[in-house]
Amino acid sequence: MSLKHFKPAHWLYNLLHYKQLLHNKKAYKKYNIKKSLIASVSSRDFPDKESRAWLDTGDSAVLAAQKEGFQQFPTGIQQKIRDWSTKGYMVLENYFSPEACDAINKEIDTLMANGALQFKWGNKLMFANKKSAVIRQATKDPLISRVLNFLLDKEMVPFQTINFINGSGQRAHSDSVHMTTYPLGYLTAIWVALEDVHPDSGPLFYYPGSHKLPYLLNNHWNAGSSFLSLGKHDYPDYEDMVEELLAKHKFPREELIAKKGDVLIWHANLVHGGAPIRNPALTRKSMVVHYYASDVIKYHEITERPSLM
Ligand SMILES: O=C(O)CCC(=O)C(=O)O
């Protein structure tokens, strides 16, 4: 068994980061979960495995206009909110100005040049929001925050940023296996184009409607976790299972040939990824921000680790 599968190593790590786990204290109480904050946590600990978000249990085309705050959105955004339950994503065209995008790109260049930010897992620049006030401010854009809070009917708080210089090349997945909530469905993400996307640079792709698939959790692809160790499967086994599901359901596949400043907002369970890069000379500067609802249990289903906030 490798160390990453060995849960006591996680408990020690959690203990060392105890303060960053306190966000789960109230939520454990609220949902009657009797666990130490440093213990491993997974969907096995919870009684149900379906989203409780109001626009998953109901339809935004019917419900959204009846809710307080809806009329205050610009008409274009109102229509995108109405479509949310059906599509599982929306695109806000031309949202950030070229200057705002350039400011983020400059921050990333500086953080990389001075060694404060390094690639992790190949091509990901993680948590730049913790190192740059400019980027932190972008994650708290007032209108986007209002849209996210409305979509989930909760206060949504930024958990992390991921910046890319090139396409991610990441296979199709749902974020809910990486960043998981109880109740399910209380995660969302934005993807910001920090330059015009070339079709050969490995654009973001997604499957409209795929957010309605059942949440694929450890019990589906990596059962066999024990008190001391995680299940024996590895992440590519999860990706294979997602591909099998997609082949079965025949969702349409869309690629986002975004313009600089465009923003995609996606649902916690929307299947998406990065297309293969056809021309490695091309960059695809972009930034993802993942948001959690503030009052739910937040953790990582794959590793059964509570999230550090
Ligand atoms: O930007 C991409 O290509 C994919 C990013 C992604 O899948 C994610 O951050 O969840």
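For first residues located in segment 96-109 and over 17 Å from VAL288 (Cα atoms), partners that are part of a helix (DSSP H, G or I) and open to solvent by less than 40 Å² (accessible area, probe 1.4 Å) and lie 6+ apart or on another chain with Cβ distances below 8 Å do not occur. Exactly one residue out of LEU282, LEU270, LEU216, LEU264 is within 15 Å of the ligand (Cβ to nearest atom), open to solvent by less than 60 Å² (accessible area, probe 1.4 Å), aliphatic (A, V, I, L, M) and part of a strand (DSSP E or B), and it is LEU264. Determine whether PHE119 is aromatic (Phe, Trp, Tyr) and under 25 Å from ALA53 (Cβ atoms). It is false that PHE119 is aromatic (Phe, Trp, Tyr) and under 25 Å from ALA53 (Cβ atoms). The residues on offer are VAL91, VAL41, and the sole one that is open to solvent by less than 10 Å² (accessible area, probe 1.4 Å) and touching a residue at least 60 places away in the same chain (Cβ under 8 Å) is VAL41. All of LEU12, LEU3 fail the test of being open to solvent by 30 Å² or more (accessible area, probe 1.4 Å), touching a helix residue (DSSP H, G or I) at 6+ places or on another chain (Cβ under 9 Å) and closer than 25 Å to HIS233 by Cβ, apart from LEU3.
Residues in segment 114-136 that are open to solvent by 40 Å² or more (accessible area, probe 1.4 Å) and of a type in the set (Lys, Arg) were compared, and the one that is nearest to the ligand (Cβ to nearest atom) is LYS120. Taking the criterion of being in contact with an Asp or Glu (Cβ under 8 Å, 6 or more places away or on another chain), closer than 30 Å to SER85 by Cα and assigned to a helix (DSSP H, G or I), the residues of segment 103-155 that qualify are ILE135, ASN149.
Could you please let me know if TYR299 is touching a residue at least 60 places away in the same chain (Cβ under 8 Å), open to solvent by less than 10 Å² (accessible area, probe 1.4 Å), more than 13 Å from the ligand (Cβ to nearest atom) and in a strand (DSSP E or B)? Judged against the criteria, TYR299 is a match. A count restricted to segment 128-161 and to residues that are of a type in the set (Lys, Arg) and in contact (Cβ under 8 Å) with a residue 24 or more places away in the chain stands at 2. Taking every residue in segment 162-181 that is of a type in the set (Ser, Thr, Tyr) and pairing it with any residue that is open to solvent by less than 20 Å² (accessible area, probe 1.4 Å) and within 6 Å of the ligand (Cβ to nearest atom), at least 6 positions away or on another chain, the pairs with Cβ-Cβ distances below 9 Å are SER168/ILE162; SER168/LEU204; SER168/GLY273; SER168/GLY274; SER168/SER286; SER168/VAL288; SER174/HIS272. Screening the candidates ALA193, ALA172, ALA189 for the property of being over 30 Å from GLU99 (Cα atoms), buried (at least 16 other Cβ atoms within 10 Å of the Cβ) and within 15 Å of the ligand (Cβ to nearest atom) yields one hit, ALA172. Within segment 43-80, the set of residues being aliphatic (A, V, I, L, M) and in a helix (DSSP H, G or I) comprises LEU55, ALA61, VAL62, LEU63, ALA64, ALA65, ILE77.
Please indicate, with yes or no, whether at least one residue in segment 144-156 is open to solvent by less than 20 Å² (accessible area, probe 1.4 Å), closer than 24 Å to LEU117 by Cβ and either of a type in the set (Lys, Arg) or more than 10 Å from the ligand (Cβ to nearest atom) (or both).
Yes; the residues of segment 144-156 include at least one that is open to solvent by less than 20 Å² (accessible area, probe 1.4 Å), closer than 24 Å to LEU117 by Cβ and either of a type in the set (Lys, Arg) or more than 10 Å from the ligand (Cβ to nearest atom) (or both).
Residues that are closer than 12 Å to SER174 by Cα and of a type in the set (Asp, Glu) within segment 200-248 comprise GLU239, GLU243, listed in sequence order.
The values are calculated or read from the model by the stated rules, or taken from the named source; none is laboratory data. Quick caveat, the model's predicted, so the values are computed rather than measured. No Cβ is skipped: glycine too gets one built from the backbone with ideal geometry, and neighbour counts run over all protein chains shown. These accessible areas exclude ligands, DNA and RNA; they are computed on the full protein's heavy atoms, side chains included. Shrake-Rupley method; radii C 1.70, N 1.55, O 1.52, S 1.80 Å.
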